[in-house]
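One structure is given below, encoded as structure tokens.
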Amino acid sequence: ANQLELWDLNAGNSKGFLPGYRWLAGGTMPSFQQHRVFTSTAGSECLLVHPFSNNIYRISDDGVSVKYRIDFGSRNPVPEEKDDFVAPEEVVSYLEKEFPVYGFNSCWENGSWLHISAYFSGKLTDILYDKHRNILFDCGPLNDDMTDAMTFPVKATDDYLVGFANSGDIIGLEEYRQMKGKNVRDNNPVYAKLLDAAQRLENPVVCLYHFKK
């Protein structure tokens with residue numbers, strides 16, 4: 001199956017891009033390999049990171065092209081040439097062994113920043129690039145504050161970012177904090193509102209972030 005489908009509103013048809021991996025035997029990794037469908041409109045552009053690769057693709061009216069390639073040196077994912085299939089129960093361990101960098105879950109860009117959330121050596125990591133100063137920030141493993149991390153972007157401009165967070169993840173995080181004796185809700189009103197929304201509403205919880213000038 002293709003990882004990406006581009007729907008053309010004017011022509012009323014769609015095209016498939018970026019084929020999946022043979023060694024998954026037609027299966028998918030739900031956390032990293034969702035089938036994406038984008039609607040093409042005049043002048044639109046969005047970013048897609050192909051799972052288990054270090055390529056960031058640009059999707060626009062002209063089709064699909066590589067916009068960025070993240071270089072992790074000796075840990076770059078290599079093209080998959082495996083002929084036999086990996087058993088479903090072994091896929092996660094196989095990925096962690098053969099793909100030190102894989103599964104970019106989140107990527108957004110505006111005029112100043114390029115941000116990526118990715119698994120690197122088994123740890124979910126924030127990577128932030130300052131485009132004006134040409135500085136790369138490796139923020140390390142994400143902390144457990146959902147107001148700062150794990151937002152899946154929908155649109156990013158120079159003024160704001162629209163994204164969403166899964167209710168189940170937010171509630172699970174709160175249960176983890178309670179188990180660890182952490183009480184963040186009382187002194188973090190933003191997190192308290194996010195948790196209330198997750199408990200009352202269905203998925204997803206939509207978040208709007210304003211960039212400070």
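The values are calculated or read from the model by the stated rules, or taken from the named source; none is laboratory data. Computed from a predicted structure; not experimentally measured. Glycine gets a Cβ as well: all are built from the backbone with ideal geometry, and neighbour counts include every protein chain shown. Each accessible area value is taken on the protein alone, full model and side chains, heavy atoms only, with ligands, DNA and RNA left out. Shrake-Rupley method; radii C 1.70, N 1.55, O 1.52, S 1.80 Å.
Collect the residues in the range 163-213 that are open to solvent by 90 Å² or more (accessible area, probe 1.4 Å) and β-branched (Val, Ile, Thr), keeping them in residue-number order. VAL190, VAL206 - these are the residues of the range 163-213 that are open to solvent by 90 Å² or more (accessible area, probe 1.4 Å) and β-branched (Val, Ile, Thr). Within the range 41-66, restricting attention to residues that are farther than 15 Å from LEU6 by Cβ and outside any loop (DSSP other than H, G, I, E, B), which residue is farthest from the chain's Cα centre (by Cα)? Ranking the qualifying residues of the range 41-66, first place goes to VAL66. Whenever a residue of the range 163-182 is within 29 Å of PHE211 (Cβ to Cβ), its partners that are acidic (Asp, Glu) and open to solvent by 50 Å² or more (accessible area, probe 1.4 Å), lying with C-beta atoms within less than 9 angstrom and at least six residues away or across chains, give the pairs SER167/GLU202. Per the listing SER31, SER65, SER40, the residue uniquely surrounded by 14 or more Cβ atoms within 10 Å (Cβ to Cβ) and either farther than 27 Å from LEU124 by Cβ or modelled with pLDDT under 75 (or both) is SER40. Within the range 186-213, residues that are under 10 Å from SER167 (Cβ atoms) have Cβ atoms under 8 Å from residues that are among the charged types (D, E, K, R) in these pairs: LEU195/GLU174; LEU195/ARG185, counting only partners at least 6 apart in sequence or on another chain.
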